[in-house]
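The values are calculated or read from the model by the stated rules, or taken from the named source; none is laboratory data. Keep in mind it's a predicted model, so treat the numbers as computed, not measured. Please note: Cβ atoms are built from the backbone with ideal geometry, for glycine as well, and neighbour counts cover all protein chains shown.
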């Protein structure tokens, strides 16, 4: 049986690289999931990146990076948070981290769930 289009869009194409920016284990750039070479990626990390895929699709891809960048710069420059605190406070990351270990989250997620969070 064929999977629905929405499900296939979220699977992504995995590309293994020797290293990623900031020492990350994975990074979502829809439709590519960039992963660090080495042991297999834990399922919860892949799920975290799929949440980002959906966020990117909702924001017409470019909008995701514009909102992400503005929030990150606001948190770093205006609120003077460390890189790590600013990264974890961006609304896209809040949603992904909170739900990365909930297997069926994407099936029950409301559209633009990230927008309901506070920076």
Notebook entry, point to check: Looking only at residues in the stretch 27-40 that are crowded, with 18+ Cβ neighbours inside 10 Å and touching a strand residue (DSSP E or B) at 6+ places or on another chain (Cβ under 6 Å), which one is nearest to residue 61 (Cα to Cα)?
Noted result: 33
Next item on the list: Search the stretch 1-26 for residues being under 18 Å from residue 68 (Cβ atoms) and exposed (fewer than 10 other Cβ atoms within 10 Å of the Cβ), and hand back the single one that is modelled with the highest pLDDT.
Entry: 21
Next item on the list: State all residues of the stretch 106-115 that are at pLDDT 95 or above and assigned to a helix (DSSP H, G or I); if no residue qualifies, say none.
Entry: 113, 114, 115
